[in-house]
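Heads up, the thing below is written out as structure tokens.
The values are calculated or read from the model by the stated rules, or taken from the named source; none is laboratory data. From a predicted model like this one, the values you see are computed outputs, not experimental measurements. With ideal geometry, Cβ positions are generated from the backbone for all residues, glycine too; neighbour counts draw on all protein chains shown.
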Amino acid sequence: MAHPNKIYCVVMRGGTSKALFFKENDLPKDRAERNQVILRAMGSPDRRQIDGLGGSKSSTSKTAVISVSHREDSDIDYDFGQVSVDMPIIGWDNCCGNISSAVGPYAIDEGLVNAVEPVTTVRIYNIDTDKRIIAHVPVKDGKTLYKGDYSIDGVPGTASRIDLDFIRPQGAVSGKVLPTGNVVDEVVVDGKVYHASLVDAANPFIFVRASELGLKGTELPWEYEALPDAPRINKIVEAIRCWGAFQLGFVDVPEKATKERPVLPKIGFYTGPVGYTDGAGREQRPDTYDITGRLFSMGKLIDAYMGTGTVCTMVAANIEGTIINQIVSEHRQAPFHELKIGHPFGIIDVKASFDENGELESATLGRTARRIMEGYVNVD
């Protein structure tokens, strides 16, 4: 660390998220002290994050700590942190698929890996989930080539395509793709039974049918927040999420999860491809995608769709009997080698590769990234 109150960082967009990138050696070794530095840099806890670099949403309140890996199978170690906006908490127990797309470009531009034209393969080890991600990054003149003609829904403009291969993502946090051993569990909230699939792949996610929550499944975040029933639904969703945290062994009683483990598991609600008008005003026809999904993060319905959520949804689709599998199987036949998910700002697609035993070997996402700013953040 060059100066105790001044730390080098880079603001990177990865996919539909944004994060502060730090080199591991520039931060305090002590985890509690490191958390305080990053919270100060981000401006948390404060719902506006007015005194820091955060953007007041979970998708723009993230951090990545990067170092050269000593593993033979990896080039870069990647420690991801979900920084709470309004609580002094950083969740270090998960991975962000969108921010993962910025790790390779960051490593190349910082000289942490050798740049090879026209595409540099960066082998990334995610410390938090003990899983590997292979990034394929376009390169020109020794640096990441950011300009291109590839677009992703939820981000304006175009950029070069960065492919991410999530290697054997099953059991990323719990060690089991089905942590409860069931494809569907019954969760009782206020005397009513809700059906939920808890699947752990890239990150653990809980999948619930929109209809069981009294929703259409096509709601945009601001439409959802304006619903008179939203506060009641939020409590149900959080109660189911807390049940999942207990099943994963994160807490000794579900009621503790809201404060102690607000990051994982993630949760979302789903319906079939019914068609809707997205947040950009475009009509998404039901014949152009496979399932409609909406995800929550840190208690808020998010604008797009998580990269790890895309991977986990693909894995869930290929497990017979899960809620995702039930919905997709209504109009397609398994196995599913490609899946298109309709989210608030458009469509995200993921492809799967299977081994000779029919097990999912990798899931691939196409993303874009941008290096927005580099400099020093004051943390005094």
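Counting only strands (runs of 3 or more DSSP E) that sit wholly inside the range 1-104, those with at least 1 residues that are of a type in the set (S, T, N, Q) and out of contact with any Lys or Arg (no Cβ under 7 Å at 6 or more places or on another chain) are 62-68.
Among the residues making up the range 304-352, a single one is of a type in the set (Ser, Thr, Tyr) and without any contact (Cβ under 8 Å) to a residue 60 or more places away in the chain: SER329.
Do we find a residue being charged (D, E, K, R) and either loosely packed, with under 15 Cβ neighbours inside 10 Å or in the same structural domain as TYR305 (by TED's automatic domain parsing) (or both) anywhere in the range 155-165?
no
Among residues of the range 15-35 that are β-branched (Val, Ile, Thr), those with a beta-carbon under 7 Å from a residue that is surrounded by 15 or more Cβ atoms within 10 Å (Cβ to Cβ) and part of a helix (DSSP H, G or I) at least six positions away or on a different chain give the pairs THR16/SER59; THR16/ASN98.
Tell me whether the range 143-153 contains one or more residues that are in contact with a Leu (Cβ under 7 Å, 6 or more places away or on another chain), buried (at least 19 other Cβ atoms within 10 Å of the Cβ) and either at pLDDT 95 or above or hydroxyl-bearing (Ser, Thr, Tyr) (or both).
Of the range 143-153, the ones in contact with a Leu (Cβ under 7 Å, 6 or more places away or on another chain) are none.
Within the range 143-153, not a single residue is in contact with a Leu (Cβ under 7 Å, 6 or more places away or on another chain), buried (at least 19 other Cβ atoms within 10 Å of the Cβ) and either at pLDDT 95 or above or hydroxyl-bearing (Ser, Thr, Tyr) (or both).
Only a single criterion out of (1) in a loop (DSSP other than H, G, I, E, B); (2) within 30 Å of VAL37 (Cβ to Cβ) is not satisfied by ARG370, namely (1).
Just one of the listed residues (PRO118, PRO105, PRO88) is out of contact with any strand residue (DSSP E or B) (no Cβ under 7 Å at 6 or more places or on another chain) and not assigned by TED's automatic domain parsing to the domain that holds PHE296, namely PRO88. When the range 47-74 is filtered for residues that are at pLDDT 95 or above and on the phi > 0 side of the Ramachandran plot, only GLN49 remains. Restricting attention to the range 80-128 and to residues that are crowded, with 24+ Cβ neighbours inside 10 Å and among the hydroxyl-bearing types (Ser, Thr, Tyr), the residue that is farthest from the chain's Cα centre (by Cα) turns out to be TYR106.
Among the residues of the range 331-348, those identified as at pLDDT 95 or above and charged (D, E, K, R) are GLU338, LYS340. Inspection of the range 289-304 finds a residue satisfying the criterion of being among the hydroxyl-bearing types (Ser, Thr, Tyr) and within 13 Å of the chain's Cα centre (by Cα). Can you list residue pairs whose Cβ atoms sit under 9 Å apart, with the first residue in the range 206-225 being touching a residue at least 40 places away in the same chain (Cβ under 8 Å) and buried (at least 16 other Cβ atoms within 10 Å of the Cβ) and the second being assigned to a loop (DSSP other than H, G, I, E, B) and among the basic types (Lys, Arg)? Count only pairs 6 or more apart in sequence or on different chains. Between residues of the range 206-225 that are touching a residue at least 40 places away in the same chain (Cβ under 8 Å) and buried (at least 16 other Cβ atoms within 10 Å of the Cβ) and residues that are assigned to a loop (DSSP other than H, G, I, E, B) and among the basic types (Lys, Arg), the close pairs are ALA210/LYS216.
In this structure, is GLY307 surrounded by fewer than 14 Cβ atoms within 10 Å (Cβ to Cβ), small (Gly, Ala, Ser), under 22 Å from the mean Cα position of the chain (by Cα) and closer than 19 Å to GLY171 by Cβ? Spelling it out, it is not the case that GLY307 is surrounded by fewer than 14 Cβ atoms within 10 Å (Cβ to Cβ), small (Gly, Ala, Ser), under 22 Å from the mean Cα position of the chain (by Cα) and closer than 19 Å to GLY171 by Cβ.
For (1) surrounded by 15 or more Cβ atoms within 10 Å (Cβ to Cβ); (2) under 25 Å from LYS18 (Cα atoms), each residue gets a yes or a no:
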residue: GLY321; (1), (2): no, no
residue: GLN326; (1), (2): yes, no
residue: HIS331; (1), (2): no, no
residue: ILE347; (1), (2): yes, yes
residue: VAL350; (1), (2): yes, yes
residue: SER353; (1), (2): no, no
residue: SER362; (1), (2): yes, yes
residue: GLY366; (1), (2): yes, yes
